[in-house]
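Comments concern the structure below.
Each value in this text was obtained by applying a stated rule to the coordinates, not by laboratory testing. Keep in mind that what you see is a predicted model, and the values were worked out from it rather than measured. Neighbour counts run over all protein chains shown; Cβ positions are idealised from the backbone, glycine included.
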Amino acid sequence: ESNIIPNAEDNESSVFFHKMKGDYLRYLAEITDADDERASVCREAQAAYEQAEQLAGEMPSTHPTRLGLALNHSVLYYEVADETEHACSIARSAFDMAIADLDQLPEASYKES
């Protein structure tokens, strides 16, 4: 974490590494039995995903990394934090923004998104 994230070469890499950190912490929270420790790890995962989302705001809404981030962040809320409405809100927002921007994409990017 202290070596990779600060040395990311560009914004996309930084988003990706923060997302990976959130993913790792989400997986850890999923297997943690103690409620207080699980809540702490969940907060750390939320912070990593939120940092990635801040940085991802500079990326197109249809970018695969940005869409994957939104999906994984929503899984954290759905599976770990048991906040299904918030999870659905995150996923729906990313989906709606991407759908609105699909018409502006070149065909090669359209297929990827």
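What nm value, rounded to one decimal, do you get for the distance between Phe95 and Glu30 when each label is placed 7 Å out toward the C-beta?
Placing both labels 7 Å beyond Cα along the Cβ direction yields 2.0 nm.
For segment 1-86, what are Rg and Dmax over the alpha carbons, in angstrom?
Reported Rg and Dmax, both Å: 12.9, 39.
So, by mean Cβ neighbours within 10 angstrom, what's the order for 15-22, 75-82 with the highest one leading?
15-22, 75-82
In a solvent-free Debye calculation with one equal scatterer on each Cα, what is log10 I(q)/I(0) for segment 15-55 at q = 0.30 Å⁻¹, listed in the order of the q values?
The Debye formula, applied to the Cα set alone, gives -0.89.
Let me check I've understood the local charge: for Asn11, count other residues with C-beta under 13 angstrom from its C-beta, Lys and Arg +1, Asp and Glu -1. What total comes out?
-3
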